Amino acid sequence: MTFEDWFDKIILPYFRNLLGKKVLIGDNLESHISLHVLEACEQHSINFVLLPPNGTHLLQPLDVAFFAPMKKAWREILREWKNKNRGCIPKSDFPRLFNKCIKNIENIENNIKSGFRGCGIIPLDPNVVLSKIPDVDASQEQDQRQNEKHWTTTLQEFLKESRLAATQDLRPKRGKKLKIAPGKSIGRKDLEAPSTSCADHINSDLEKNSEREDETESNDDDLELEDVTDGDEKENCGQEDLETDADLVSNVIQGTFVLVKFNCPKNAHKYYVGCVSEIVDEAKNVYYVNFLRKQQSEKTGVHFVYPNTKDQSLVEGPQIFQIIKDVKFLRRERFQFPSLRKYDVRIE
């Protein structure tokens, strides 16, 4: 983890040479908190204090005094580069250009010191931050809250009517910030306290997954598998290739391409091609699956690609209808599945 590496190689060597209690200030982003870091803080008498959320413009020294001149210098670098080149900056050129950007910032040392002084950290002065917060009369504050509540409620109702019923967000939830009181140092016991668990996210995604099964219409880019034969042939077509296997889920591993079945009204089924990205619960056969989209070109014919916006959903074992083993890898992350040629995979 990048944060743990930074903590071990920069923070700990610095704090080892200091006596007494030490304070490490950081934001309360969940990815910055780990058991390894907290144990090291307790071992070396370091108080890990978290900044209040939505307050970096007042409490983060880089936000207060450094990022603005850095962005200005970086825009100049970009302007010079675009006048001589075309397209995006190659990764190989970025370190050189960014180093030039840092060197072009005037009074960089004074800017950094001013950031800590402007946040009331060094020298320690809480009034520096408190003076930037405007005073609001109690009656004015109450009226303002009522007005905000009124227009916020109206806007929410409008959005629910116009959008929520038509679309659903199937993207996985991002990790939430830890609920730690501002100014309180964090320890191992805070990680052990009840909070939003992985199971909560799993249950939430499974509910969304069931809603997806109940949809009567597909979006424009959904993949629907329908038989192309008629009569008795339609009932027996592909039964050998697409027969549900009770032990199928035991062969599912990360990176496996699968055919997922969703139940629809009127005893119909829809099938989607996806790739298992993560095994969430091996005992309960719960997986994260990234779904693909169909494309067609004159050169390669029908093929599948990952959409620009990740279409990921939790899938339970019974929904996996078949493992797709005959995968043909094309250039530019395109795929073909010959066993699906008996079926008409089309975009509704």
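The values are calculated or read from the model by the stated rules, or taken from the named source; none is laboratory data. Just so it is clear, the model here is predicted, and its values are computed rather than measured. In this analysis, Cβ positions are derived from the backbone assuming ideal geometry, glycine residues included, and neighbour counts consider all displayed protein chains. What goes into the accessible areas is simple: the full protein's heavy atoms, side chains included, and nothing from ligands, DNA or RNA. Shrake-Rupley method; radii C 1.70, N 1.55, O 1.52, S 1.80 Å.
Assuming charge only on the beta carbon of Lys and Arg (+1) and of Asp and Glu (-1), the dipole of region 256-340 about its Cα centre is about 420 debye to the nearest 20. Of the trypsin sites (Lys or Arg not before Pro) found in region 253-348, those in coil by DSSP whose Cβ has at most 15 other Cβ atoms within 10 Å are Lys266, Lys284, Lys299, Lys310, Lys325, Arg331, Arg332, Arg341, Lys342.
Using only alpha carbons, region 256-340 has a radius of gyration to Kirkwood radius ratio (Rg to Rh) of 0.99. What does the C-alpha gyration tensor say about the overall shape of region 3-131? Classify as rounded when a/c is under 1.5, otherwise prolate if a/b is larger than b/c, or oblate. Verdict is prolate for region 3-131. Centre-to-centre separation between the Cα atoms of region 38-94 and those of region 245-324: 39 Å.
Positive end of the dipole of region 256-340 (Cβ unit charges, origin at the Cα centre): among Asn263, Ile324, Gln295, the Cα lying farthest that way belongs to Gln295. Protein heavy-atom surface of region 1-123, 1.4 angstrom probe: 56% of the accessible area is carbon and sulfur, with nucleic acids and ligands not counted. Taking the Cα centre of region 1-143 as reference, the dipole from Cβ charges on Lys and Arg (+1) and Asp and Glu (-1) amounts to some 1160 debye. Accessible area ranking (1.4 Å probe, heavy atoms, ligands and nucleic acids excluded), largest first, for Val280, Val23: Val23, Val280. Of the trypsin sites (Lys or Arg not before Pro) in region 2-59, the ones in a loop by DSSP (not H, G, I, E or B) with at most 10 other beta carbons within 10 Å are Lys21.
Number of Lys-Lys pairs in region 3-131 with C-alpha atoms under 21 Å apart and a separation of 8 or more places or on different chains: 23.
Full extension of the chain between Val129 and Glu42 gives 28.4 nm of extra length, using 0.36 nm per residue less the Cα-Cα distance. Summarising the amide proton neighbourhood of Gln295: residues at separation of 5 or more, or on other chains, whose placed amide H is nearer than 5 Å comprise His303, Phe304, Val305. The modelled label-to-label distance for the pair Ser34/Lys113, using points 7 Å beyond Cα in the direction of Cβ, is 3.5 nm. Counting heavy atoms of the protein chains alone, His269 has an accessible area of about 80 Å² for a 1.4 Å probe. Loop-located GluC sites (Glu not before Pro) across region 285-334 with a Cβ neighbour count of 12 or fewer within 10 Å are Glu298, Glu333, with loop assigned by DSSP.
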